[in-house]
Amino acid sequence: MGIDYYYTPGSAPCRTVLMVAKAVGVDLNLKHLDLMKGEHLTPEYVKVNPQHTVPCIVDGGLTLTESRAVATYLVSQYGKDDSLYPKDPKKKAIVDQRLFFDMGTLYQRFGEVYYPMIFEGAPHNADKAKRLEDAYAQFDNFLSKTAWAAGDHMTVADLSLLASVTTAEVCGFDIGKYPNVTKWLAKCKSSVPSYAETNEEGVLKFKALFESRKK
């Protein structure tokens, strides 16, 4: 049967799940939804996922949304070990904190700057951009203390943050101002399994969308 995966390639959260699945060796039955055509709002999909969001997996009797929940589930259920998502409560807590930081601060502030530009034709907002810069300064500080986002090796937090950071990068956000983020980003790109397939292809699709819609 396998795991059905509803996604859109350009989405950073969707790319997080693709990277995690590849890292743990899980095959996904890819079901592409074109959000611009409203395919996530069809009665068929709303029956699967009443949130009508992506990503979404259906694994047997489990339907699960929210990329970071999906990512940690895939590792917990299918990972050969716990390196990507530790079982040790203290180590796990740091990974969770970085995931929540990504969702509630780094990626959230990215969306506040760039999504109005893409979907509403709004101009660049300098005040919101400063908040995004502050989020990157915080992330740079995290990375001044550890080699990876949550410790001394790659975890699901790195994959989630990688999807967010590369999305900001292709929108023209200056990652180079943050030396620790820059070093970490290069390391991620060379270390993530099948990086070109699981993240780069999708992020280039997002870049094309951004460039076609920005003013």
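Suppose every K and R has +1 on its Cβ and every D and E has -1 on its Cβ; what is the size of the dipole of the chain about the Cα centre, in Debye to the nearest 20? Walk me through the intermediate numbers first.
Numbers: 26 positive and 26 negative charges, 76 e Å.
Computed about the Cα centre, the dipole is about 360 debye.
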Net charge dipole size for the stretch 1-76 [Lys, Arg +1 and Asp, Glu -1 on Cβ; Debye, nearest 20]: 160
Accessible area of the stretch 1-86 divided out per residue, in Å², using a probe of 1.4 angstrom: 48
Kindly write out, for the stretch 33-42 in residue order, the coupling ³J(HN,Hα) from the Karplus curve 6.51 cos²θ - 1.76 cosθ + 1.60 (θ = phi - 60°), rounded to whole Hz, with x marking Gly and Pro. 10, 8, 5, 5, 9, x, 5, 7, 9, 5
Go through 128/214; 31/80; 37/205 and tell me which ones have a Cα-Cα distance over 20 Å in this structure. 31/80
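How much net charge surrounds residue 41 when only other residues with a Cβ under 13 Å from its Cβ are counted (Lys, Arg +1; Asp, Glu -1)? Present the calculation step by step, with values, prior to reporting the outcome.
Details: positive: 37, 47; negative: 34, 39, 44.
With Lys, Arg at +1 and Asp, Glu at -1, the net is -1.
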Heavy-atom accessible area of residue 115, protein chains in place, probe 1.4 angstrom, given in Å² to nearest 10, is 60
What distance in nm separates the simple spin-label points at residue 147 and residue 62, each placed 7 Å from Cα in the Cβ direction? 3.0
For the chain, modelled as a Gaussian network with Cα springs under 10 Å, which listed residue fluctuates most, 26, 46, 156? 46
Please go through the stretch 9-87 and write out the trypsin sites (Lys or Arg not before Pro) that DSSP classes as loop and that have at most 14 other C-beta atoms within 10 Å. 80, 87
Report the gain in length on full extension from residue 4 to residue 133: 0.36 nm times residue separation, minus Cα-Cα distance, nm rounded to one decimal. 42.8 nm
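Magnitude of the Cβ-charge dipole of the stretch 24-68, K/R +1 and D/E -1, about the Cα centre, nearest 20 debye?
80
Calculate the FRET efficiency for residue 183 and residue 122 from the Cβ-Cβ distance with a Förster distance of 30 Å, rounded to the nearest 0.05.
On the way: r = 33 Å, r/R0 = 1.10.
The value I calculate is 0.35.
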Residue by residue through the stretch 208-213, which ³J(HN,Hα) values in whole Hz follow from phi under the Karplus form 6.51 cos²θ - 1.76 cosθ + 1.60 (θ = phi - 60°), with glycine and proline marked x? 5, 5, 4, 5, 7, 10
Among 153, 204, 14, whose Cα projects farthest towards the positive end of the dipole of the chain, with charges put on the beta-carbon of Lys, Arg (+1) and Asp, Glu (-1)? 153
Give, in nm to one decimal, the length gained when the segment between residue 90 and residue 208 is fully stretched (0.36 nm per residue of separation minus the Cα-Cα distance). 38.4 nm
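The values are calculated or read from the model by the stated rules, or taken from the named source; none is laboratory data. Bear in mind the structure is a predicted one, so any value in this text is a computation, not a measurement. Note that each Cβ is placed from the backbone with ideal geometry, even for glycine, and that neighbours are counted across all protein chains shown. Side chains are part of the model used for accessible areas, which takes the heavy atoms of the whole protein and leaves out ligands, DNA and RNA. Shrake-Rupley method; radii C 1.70, N 1.55, O 1.52, S 1.80 Å.
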